Protein chains: 2
Amino acid sequence: MKQKITLKDIARELGVSISTVSKALKNSEEISRDTKERIQAFAKLYNYRPNNIAISLKNKRSRNIGVIIPNIVHHFFTTCVRGVELYANAKGYNVIVCLSDESFDKEVINMEMLANGSIDGFIMSLSMETMMKDDYNHLKEVTDQGIPLVLFDRTTDEVVCDKVVIGDREAAYMAVKKLIDSGRKRIGVITSDDYLIMVHDRMEGYKEALTEAGISIDENLILPMSQMQFDEEAVNAFLETQKVDAIVTVNEIFAVRAMKMAQRKGYKVPEDIAFIGFTDGLLSKYANPSLTSVDQHGELMGEHAARMLINKIESEQEEETYTTEILKATLIERESTP
Amino acid sequence: MKQKITLKDIARELGVSISTVSKALKNSEEISRDTKERIQAFAKLYNYRPNNIAISLKNKRSRNIGVIIPNIVHHFFTTCVRGVELYANAKGYNVIVCLSDESFDKEVINMEMLANGSIDGFIMSLSMETMMKDDYNHLKEVTDQGIPLVLFDRTTDEVVCDKVVIGDREAAYMAVKKLIDSGRKRIGVITSDDYLIMVHDRMEGYKEALTEAGISIDENLILPMSQMQFDEEAVNAFLETQKVDAIVTVNEIFAVRAMKMAQRKGYKVPEDIAFIGFTDGLLSKYANPSLTSVDQHGELMGEHAARMLINKIESEQEEETYTTEILKATLIERESTP
């Protein structure tokens, strides 16, 4: 785990005074050339930064928090922002929201803009493009500067910081197990071919529940949609050929759309086909029949992220530890399951 | 119309040089006491500000736009933000979003925070509380400082600035007229008791279409919901007693919920009761049957607001004029109307 190195750390490691370190880093004439070179090399090795930004933040906090989300026309992310707002406002912080629009460049631009002293810390969910590029240098620069960062939902192991995620594998396992327990055997899944850990984890949970129940995995029951676009033709063929008695989908739009198609074909929901979607939004609540869905607790996730961030901002400790909180998803049972 | 007064204006009005005005406002020893008092009094009268913020903005633009919306978990407002983003990004501007959460205080706090040099101009939709208080001094301060402001959707006549709104009255008229033209006579409306101009305008359009068709206004067919909360009991009684053959609602949630209740009571949609909602979001699109709804063009509204704002930011003119753009709503016809 990469820690922020302080003047004190360098002094202790090299057996000199803090003042010597400070002067050496400012290239003072008072310090011998040898000592200066040793200290400067050590500081460079451990990525020490004079850290003016962090110092000015500690002394003169802006009491603003920057939130960067990949998409604003998206129920889950907006509920996360609301959760951040609720907690941050109660603690006397303002929230500034920027959008990456799933673009790596926009994520970088927004971070640079906000890191310029406007905010005390970041709460972020990564853009799809960033995850595909697997390039997190813009995040590392921010954490290297001592600006606190909390990643939520779409995170990466490549960056050392606090994180809060939902247990996607467990959630999918729970949804599929519920269907198995109610007697369903041919459980289809409408998924995505996206490069997102959550999709991978949900598929793992799906397979785990089936395997555990002694039901073999039938690849024909797994229908991936390209780039999160619902393919009506493919779903039509799937419904006609696969004789599923239940369908789990990676989001609520897929569930509601597939459910409507099934109803139009004369299937009764949930008697003939049960449906469970991920993301508990308005669509799930007001569908006809209403949709059983996995509540990912966006608001709670936002609250946790804000709490973790504000704790870091207000912490006096120099040596920091980082944690990953895993929130437990809840299955909201409605009319689309027996 | 209140215009920003410049050094040049003061000089012209008082028949002195710009340099004299500038020195007098800085209380220079070079200018006689009489002249200084005259210039300072005039500047005060016309609310002249040395306007460091505006000057620094003109010279050193941040290329950031501040957007303040009342609620983020709200399809319409998020599509507006997306529209702002698309246009602003194409013009090389970043977008910073803050939420008022329908609170006057939060609106004021966010405006103060952003007006502090972080942004070149504001795009805003007023909070419910601000409209109720009828207090717009925080907006006037910003425009007095020469910071461009565009209001969208929820606006006020009290502030002189560019505005973009949807023709709510015309939209409601169009929706009700469509129902009348298809033979419906008992057209109910599920509305809100909120203090919002849009609600008022939609009711006007509803009444206008009926009156024009020679159908008298039956107050029993008007069902107001308190504070935008859907009252299931009231709607239930309404469906049972009023024998409506069509229902128009002020938002899509009301429409989808009432439609489901009607279906459960055995009414066929649209044969027995037709439904039209305002706000064309995911619910309308994926309801069963899909909902005919009034598209308020959130994305387009955001784009227009961004264009108006960036034009003002980049304008070299000192004497400015302000316009109000009225966008035309579109009726998206789906399965819930004949």
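Chain A's nearest residue to the axis relating it to B, judged by Cβ and reported with the distance in whole Å, is A:97, 2. Counting neighbouring beta carbons within 10 Å and listing from fewest to most, the residues A:80, A:98 come out as A:98, A:80. Against the main long axis of the alpha-carbon atoms of chain A, helix A:197-212 sits at an angle near 50°. State the Cα centre-to-centre distance between the range B:59-107 and the range A:208-238 in whole Å. For the range B:59-107 versus the range A:208-238, the Cα centre distance is 39 Å. Listed by chain and number, the lysines whose alpha-carbon sits under 16 Å from that of residue A:265, ignoring those within fewer than 8 places in the same chain, are A:243. Its residue count N sets the reference 2.2 N^0.38 Å, and the alpha-carbon radius of gyration of the range A:7-50 equals 0.97 times that reference. I'd like the orientation of helix A:232-241 relative to chain A: the angle between its Cα long axis and the longest Cα principal axis, in ° from 0 to 90, rounded to 10. That helix lies at roughly 50 degrees to the long axis. Sorted shortest first, the distances from the residue A:323 label point to those of the same residue in the other copies are 5.6 nm; each point sits 7 Å from Cα along Cα-to-Cβ.
Once the Cα atoms of helix B:168-181 and of chain B are each reduced to a long axis, what angle between those two axes, in degrees from 0 to 90 to the nearest 10, is obtained? Computed tilt is about 20 degrees. The calculated Kirkwood hydrodynamic radius for chain B is 22.3 Å, given to one decimal from all distinct C-alpha pairs.
Can you give the FRET efficiency for residue A:234 and residue B:272, using 1/(1 + (r/R0)^6), R0 = 56 Å, r = Cβ-Cβ distance, to the nearest 0.05? Present the calculation step by step, with values, prior to reporting the outcome.
Values: r = 35 Å, r/R0 = 0.62.
Approximately 0.95, to the nearest 0.05.
Each copy carries residue B:37; placing its label point 7 Å along the C-beta direction from Cα gives inter-copy distances of 7.3 nm, listed from smallest up.
Which of the pairs B:23/B:106; B:163/B:285; A:133/A:163; B:207/B:312; A:163/A:268; B:106/B:177 have their Cα atoms more than 31 Å apart in this structure?
Working: B:23/B:106 39 Å; B:163/B:285 29 Å; A:133/A:163 20 Å; B:207/B:312 38 Å; A:163/A:268 42 Å; B:106/B:177 40 Å.
The answer is B:23/B:106; B:207/B:312; A:163/A:268; B:106/B:177.
Taking amide H positions as modeled 1.01 Å from N, with prolines and chain starts lacking one, the residues under 5 Å from residue B:121 and 5 or more places away or on another chain are B:66. Can you list the distances in nanometres, one decimal and ascending, from the residue A:222 label point to the identical position in each other copy, with the point 7 Å along Cα to Cβ? In ascending order, 5.8 nm.
Within 10 Å of each residue's Cβ, count the other Cβ atoms and sort B:202, B:82, A:264 from fewest upward.
Lowest count first: A:264, B:82, B:202.
For the range A:269-338, what does the alpha-carbon gyration tensor say about shape, rounded, prolate or oblate, given a ≥ b ≥ c as the root eigenvalues, a/c under 1.5 as rounded, and a/b over b/c as prolate? Walk me through the intermediate numbers first.
On the way: a/c = 6.87, a/b = 3.53, b/c = 1.95.
Taking the square roots of the gyration eigenvalues as a ≥ b ≥ c, the range A:269-338 is prolate.
Under a 5 Å amide H cut-off, with hydrogens placed 1.01 Å from N, residue B:94 pairs with B:64, B:65 among residues at least 5 apart or on other chains. When the square roots of the Cα gyration tensor eigenvalues are ordered a ≥ b ≥ c, the ratio a/c for the range A:168-295 is under 1.5, which makes its shape rounded. Per-residue shielding of B:93-100, expressed as the average number of other chain Cβ atoms within 10 Å of the residue Cβ, stands at 6. Remark: the Cα gyration tensor places the protein assembly as shown in the oblate category, a/c being 1.5 or greater and a/b not exceeding b/c. In order along the range B:62-78, the Karplus-derived 3J(HN,Hα) couplings, from 6.51 cos²θ - 1.76 cosθ + 1.60 at θ = phi - 60°, round to 7, 6, 10, 10, x, 10, 10, 10, x, 7, 9, 8, 7, 3, 4, 5, 5 Hz, and Gly and Pro are given as x.
Using only alpha carbon pairs under 8 Å that are at least six residues apart, calculate the relative contact order of the range B:197-282 and give it in whole percent.
It rounds to 25 percent for the range B:197-282.
Values quoted throughout were computed directly from the atomic coordinates according to the rules given, and no laboratory measurement underlies them. Keep in mind that this is a model prediction, so the values were computed, not measured. Cβ sites come from the backbone with ideal geometry, for glycine too, and all protein chains shown count toward neighbours.
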